[in-house]
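The values are calculated or read from the model by the stated rules, or taken from the named source; none is laboratory data. No experiment lies behind these values; they were computed from the predicted model shown. Methodologically, a virtual Cβ is constructed for each residue, glycine included, from the backbone with ideal geometry; neighbour enumeration extends over all protein chains shown.
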Amino acid sequence: MEEIKTLTNEEKQTFKEIIIPLLPEKYRDQSLALIYNTDLEPLDIPEYGRIIHLMAKNLKNITDRALRNRMAQQIIEIMGRKSPHLRDVEDFQHKLWDHLFIIAGFDLDIDSPFEKPTEEKVTFKPTPLEYPQKGYKYRFYGHIIHKLIDVATRWEESELKDLLIKVIANHMKKNYLNWNKDNVDDAVIFKHLYELSGGKIQLSTENDELLSREQLVRKKRYHHRNHKKNHRK
C-alpha cells in the first residue's frame, strides 16, 4: 500500500469538489448552512457527520485508482481526528477502515491494510435469546420450579419421581418463605403444587411432611469475636 503523501494543489481542489456532486440538485447552488438534514438521506454512521459520508460515497467516482487510494487515506486521517489519541492504534485503524467501507456501500475498490468487511457480516443479526416466559402463576417460586414441575409430571411413577416431587415441594416452601418472610403451612404449598402441575401432583399433610422453616431458611450467625478482632485492626 502507498504511503500517505501530501496532496498537490490540484488534488486538494479535487478533494473539495467531490462533495458537491452528491448534493441534491436543488441545493447545489446554495450555502451548506441552508441545507436541512431532514431533506437528505439518513447517515449510515452519524457520528462522522454528513461531509465524511459525502466524501466516502463519492470515492467511487474517482477513476484514477492511485488517486482514489490517496483520497481514501486522507478521509481516514480526517475520521481519526475525532479520537487523536487512538488514531495510530491498530484496532482503531481497523475500525476506521471498516467504517469507511460501510459508509461507501461495501463496493469501494481501494487498497486496505485490513480485510474488507462484507455487508452480510456487518448486517448479520444473531438469533434472539429465549427469555423465560412471563405470566406464571405464583411467580415468587421462580421459573425453574415451573420447569421442574413440568419434568416431574412427565416421569413415570417411581421412587425417583417421588423424591423429585419432594425436593420441588421443599424448594417451593423455601422460596415462599424468602418472599413472604412469614411461616407457611405445608397445605398451602401442596395446594399450589397441585395447581401448577395441572392436578397431576397431589400431596397431603397426612402422608407428606416438608422441612421446617428453621431447616430451610438458615440465619446468618453474627460472630462477635471475629467482628471485635477486625474492629481492632
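Is there any pair linking a residue in segment 189-209 that is closer than 16 Å to residue 156 by Cα and without any contact (Cβ under 8 Å) to a residue 24 or more places away in the chain to one that is among the aromatic types (Phe, Trp, Tyr) and surrounded by 13 or more Cβ atoms within 10 Å (Cβ to Cβ), with Cβ under 7 Å and at least six apart or on different chains, and which?
202/194
Out of the residues in segment 93-132 meeting the condition of being under 21 Å from residue 48 (Cα atoms) and under 16 Å from the mean Cα position of the chain (by Cα), tell me which one is surrounded by the most Cβ atoms within 10 Å (Cβ to Cβ).
Among them, the one singled out is 122.
Condition first: under 30 Å from residue 56 (Cα atoms) and in contact (Cβ under 8 Å) with a residue 60 or more places away in the chain. Can you find one or more residues in segment 126-139 that meet it?
no
Among the listed residues 180, 170, which satisfies the condition of being out of contact with any strand residue (DSSP E or B) (no Cβ under 6 Å at 6 or more places or on another chain), of a type in the set (S, T, N, Q) and within 14 Å of residue 211 (Cβ to Cβ)?
Going through 180, 170 in turn, the sole match is 170.
Condition check ((1) touching a His at 6+ places or on another chain (Cβ under 9 Å); (2) within 18 Å of residue 216 (Cα to Cα)) across all residues:
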residue	(1), (2)
148	yes, no
158	no, no
187	no, yes
197	no, no
203	no, no
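Just to be sure, is residue 167 in the same structural domain as residue 207 (by TED's automatic domain parsing), under 22 Å from residue 207 (Cβ atoms), part of a helix (DSSP H, G or I) and not basic (Lys, Arg)?
yes
Confirm whether residue 71 is assigned by TED's automatic domain parsing to the domain that holds residue 51 and in contact with a Ser or Thr (Cβ under 9 Å, 6 or more places away or on another chain).
Spelling it out, residue 71 is indeed assigned by TED's automatic domain parsing to the domain that holds residue 51 and in contact with a Ser or Thr (Cβ under 9 Å, 6 or more places away or on another chain).
So, residue 40, is that one assigned by TED's automatic domain parsing to the domain that holds residue 118, modelled with pLDDT of 85 or more and surrounded by 10 or more Cβ atoms within 10 Å (Cβ to Cβ) or not?
So residue 40 fails the test.
Please list, ordered by residue number, the helices (runs of 4 or more DSSP H) wholly in segment 178-233 having 3 or more residues that are at pLDDT 70 or above. Spell out the reasoning first.
Values: elements: 186-196, 213-216, 224-232.
Those helices (runs of 4 or more DSSP H) span 186-196, 213-216.
For a quick check of your reading: which helices (runs of 4 or more DSSP H) sit entirely within segment 82-162 and have at least 2 residues that are at pLDDT 85 or above and within 20 Å of residue 176 (Cβ to Cβ)?
Correct list: 143-154.
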